[in-house]
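Please read the structure below before turning to the comments.
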Amino acid sequence: MKNFSKVYSAELEGIESKLIEVEVDINIGLHSFNIVGLADKALNEAKERVSSALKNSGVKPPTKENRKITVNLAPADIKKTGSQYDLAIATGYLLATKQIKPFETEDKIFTGELSLDGSLRSINGSLNIAKMAERLGFNFIFLPKQNAAEAAVIKGIKIIPVSNLEELINHLENRQLIDFQKPTEVQPVGDALLDISEIKGQENAKRALIIASSGGHNILMSGPPGAGKTMLAQALASILPAPSLEEAVEITQIYSAAGVLGKHSFINFRPFRAPHHSASMVSVIGGGANPKPGEISLAHRGVLFLDEIPEFRRDLLEGLRQPLETGDVCISRAKGVLTFPAKFMLAAAMNPCPCGHFNDPEKECKCSANEVFRYQKKISGPLLDRIDIQIEVPRVKIEELRKQKRDNSGEKIKSQIARTREIQEKRFIKTKPRIRLNSEMSSKQTDETVKFSPDAEIFLKNILEKSFISARGYYRILKISQTIADLEGEEKVSGNHLAEAFQYRIREKE
């Protein structure tokens, strides 16, 4: 008689899930309970959790049997971490010891952490596991009740929310079936800190924000303290259109893998992340002993705001260069290489000098020329080159602040940006790999996409002759001008579009 069983669980690597076979073998011999297959300490402690949970659920635990129990997690070359294997080990043990009748295990995944009383605790990455299950053709996922709504976003998989081990045993024995989790319907919601209509004055800066939001362009705002740079950046969240279902799933996968979903079972808004300038390299870029997504990945399809950007560590800022160019970040560790998505829109703010009043017409700057130069050089040329829109935000006059004018321009701007993004979605629908916005175009795609009117050709020739623009700067100007043309519903880029795009590259003009 075989005292062997095999069930399936999952391991989270970065934001991707991998299928893990959990094999349980019962042998005659002195009592022992071993877990093999490159398990970490948290997983080795599953022996105690599983034994107590089985005892307190009314079934015979491993400690009551004079048997040699071996649990193998395959494939053995993948490091297994965490406590999400508890439910699979307990189920495999019940099958191997014939304490529950045999059932079809090939189409089922079991995942969840057991408490000592047999109840289940929530886990990270349930949406990621559901995506993997759908891809591999599984039909059922048994997981903690707290994670069921998150996993049920993926259609075509039957999600079975389990509260405790006893409930699972009754279901598998067909004594009392658990109701399937209803599919989660995702309704996009706003999560804006501030509405753009609340900001008085700064019309030029608002125009730059609209263009940046429409094409996903990076933006740097420079100006004296109190001019409204931080408010403008926070208002970005109020004008960005809601993410599509595909984008929302991508965002939620990252948050679920990082274990920062919090009160949300699903992220149905564009993230706005604003790390403090004292943040470490690992917290912003990602990594760690068991690599997790950093702030740039948590800002995927949303906004990463760096306030007082010169105060951030130099190596951290330079670490942004590759993700800004490629839209992802590769974390290399001894155990392997993980890639996290990081297609974010960078919004940065800075003072023009240490005191903040360089070139301010109303207040005198007290910094020496050398101090101003050193302060501005904290942001390297290659990083600046990757920031498409660079604007100056002047001080707002008191008369502007005293105006009581209120309007609903926020909703109007949001719908305008949504229409512009729809134009880009349709334009790039057949691209491989798929891109969505003008800022994501490669040089080749930019040459193929941007069509010039006759006056644009003349203007382009003039600026190329009189300005020292890098190849990257040239293509970024073309991408911004295409976004401006899309905003205005024009098929071709005109000279006016190019002129406006060029004025946003203030460093090119100096």
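Being free of Cβ contacts under 8 Å to residues at least 60 places away in the same chain, open to solvent by less than 30 Å² (accessible area, probe 1.4 Å) and not in a helix (DSSP H, G or I) is the filter here; which residues of region 155-179 pass it? Talk me through it step by step, then tell me what you get.
In the first step, residues of region 155-179 are kept if they are free of Cβ contacts under 8 Å to residues at least 60 places away in the same chain; the result is 155-161, 163, 167, 170-171, 174-179.
Right, trim to open to solvent by less than 30 Å² (accessible area, probe 1.4 Å) and you get 157, 159-161, 171, 178.
Result: 157, 159, 160, 161, 178.
Output the qualifying pairs, or none if there are none: Cβ atoms under 9 angstrom, residues six or more apart or on different chains, first residue in region 358-377 and closer than 19 Å to residue 348 by Cα and free of Cβ contacts under 8 Å to residues at least 60 places away in the same chain, second residue among the β-branched types (Val, Ile, Thr) and surrounded by 15 or more Cβ atoms within 10 Å (Cβ to Cβ).
So the pair list comes out as 358/372.
Which one is nearest to residue 39 (Cα to Cα) among residues in region 7-18 that are touching a strand residue (DSSP E or B) at 6+ places or on another chain (Cβ under 6 Å) and open to solvent by less than 60 Å² (accessible area, probe 1.4 Å)?
Keep residues of region 7-18 that are touching a strand residue (DSSP E or B) at 6+ places or on another chain (Cβ under 6 Å), which gives 7-11, 14, 17-18.
Those still in the list that are open to solvent by less than 60 Å² (accessible area, probe 1.4 Å) too: 7-11, 14, 17.
Working: 7: 17, 8: 16, 9: 14, 10: 13, 11: 11, 14: 17, 17: 16 Å.
Per the criteria, the residue is 11.
Would you mind finding the one in 214, 197 that is at pLDDT below 90, part of a helix (DSSP H, G or I) and either among the hydroxyl-bearing types (Ser, Thr, Tyr) or within 14 Å of the chain's Cα centre (by Cα) (or both)? Walk me through it before giving the result.
Values: 214 fails: at pLDDT below 90.
The match here is 197.
The rows are residues; the columns are (1) open to solvent by 50 Å² or more (accessible area, probe 1.4 Å); (2) over 23 Å from residue 390 (Cα atoms); (3) within 17 Å of the chain's Cα centre (by Cα).
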{"site": "240", "(1), (2), (3)": "no, no, yes"}
{"site": "247", "(1), (2), (3)": "no, yes, yes"}
{"site": "258", "(1), (2), (3)": "no, yes, yes"}
{"site": "278", "(1), (2), (3)": "yes, yes, no"}
{"site": "294", "(1), (2), (3)": "no, yes, yes"}
{"site": "326", "(1), (2), (3)": "yes, no, yes"}
{"site": "331", "(1), (2), (3)": "no, yes, yes"}
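Can you tell me which residue within region 93-125, out of those that are closer than 22 Å to residue 80 by Cβ and among the polar types (S, T, N, Q), is surrounded by the most Cβ atoms within 10 Å (Cβ to Cβ)?
So the residue we want is 111.
It is to be established whether one or more residues within region 117-139 are within 33 Å of the chain's Cα centre (by Cα) and aromatic (Phe, Trp, Tyr). Show your work before the answer.
From region 117-139, those within 33 Å of the chain's Cα centre (by Cα) are 119-139; that's our starting set.
After this cut, where a residue has to be aromatic (Phe, Trp, Tyr) as well, the list is 138.
Yes, that holds for at least one residue.
Could you list all residues from region 37-91 that are within 22 Å of residue 17 (Cβ to Cβ), basic (Lys, Arg) and in a loop (DSSP other than H, G, I, E, B)?
Result: 79, single match.
Only one of (1) open to solvent by less than 20 Å² (accessible area, probe 1.4 Å); (2) at pLDDT below 95; (3) more than 18 Å from residue 169 (Cβ to Cβ) is not met by residue 62, so which one is it?
(3)
Those residues that are assigned to a strand (DSSP E or B) and touching a Pro at 6+ places or on another chain (Cβ under 8 Å), I need them from region 305-345; list them, please.
Pass one, region 305-345, residues assigned to a strand (DSSP E or B): 305-306, 328-333, 336-341, 345.
Listed by number, the residues that qualify are 306, 328, 329, 331, 333, 338, 340.
Taking region 422-438, which residues are charged (D, E, K, R) and open to solvent by less than 60 Å² (accessible area, probe 1.4 Å)? Show your work before the answer.
Narrowing region 422-438 to residues charged (D, E, K, R): 422, 425-427, 430, 432, 434, 436.
Answer for region 422-438, where residues must be charged (D, E, K, R) and open to solvent by less than 60 Å² (accessible area, probe 1.4 Å): 425, 436.
The values are calculated or read from the model by the stated rules, or taken from the named source; none is laboratory data. Please read these numbers as outputs of a predicted model, since none were measured by experiment. Every residue, glycine as well, gets a Cβ built from its backbone with ideal geometry; the counts of neighbours run over all protein chains shown. What goes into the accessible areas is simple: the full protein's heavy atoms, side chains included, and nothing from ligands, DNA or RNA. Shrake-Rupley method; radii C 1.70, N 1.55, O 1.52, S 1.80 Å.
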